[in-house]
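Structure first, commentary second.
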Amino acid sequence: MVKNLFISVISQEENKGSVEFQVFSFTNKIRRLTSHLELHRKDYLSQRGLRKILGKRQRLLAYLSKKNRVRYKELISQLDIREPKTR
């Protein structure tokens, strides 16, 4: 429900270079790879790809939280991603 609304908002923008769109696409890839790995537990190459995408998304979210905290909070709540703990 919220995801579909967010998809329509992003598709209206058509800004594939924005941080929000990149995080959104990485989140979709992560969810797809996670469901794939539930079936194929020993697919180590996909595990490596998942870890790389997680790192990319984490770096983008760190960048967004430094630049614009409000947009970061909105994105976290819309994509239902928990906020990483700060040290």
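The values are calculated or read from the model by the stated rules, or taken from the named source; none is laboratory data. Since this is a predicted model, take the numbers as computed values, not measurements. With ideal geometry, Cβ positions are generated from the backbone for all residues, glycine too; neighbour counts draw on all protein chains shown. Ligands, DNA and RNA are stripped out before the accessible areas are found, and what is left, the full protein with its side chains, is counted by its heavy atoms. Shrake-Rupley method; radii C 1.70, N 1.55, O 1.52, S 1.80 Å.
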Output the Kirkwood hydrodynamic radius of the range 20-77, Cα pairs only, in Å rounded to one decimal. 12.1 Å
List the trypsin sites (Lys or Arg not before Pro) within the range 18-47 that DSSP assigns to loop and that have no more than 11 neighbouring Cβ atoms inside 10 Å. Arg41, Lys42
Protein accessible area in the range 20-77, 1.4 Å probe - carbon and sulfur %: 54 percent
For the range 20-77, accessible area per residue (1.4 Å probe, heavy atoms of protein chains only), Å²: 71 Å²
Charge dipole of the range 20-77 about the Cα centre (unit charges at C-beta), most positive-ward option of Leu61, Val23, Leu75: Leu61
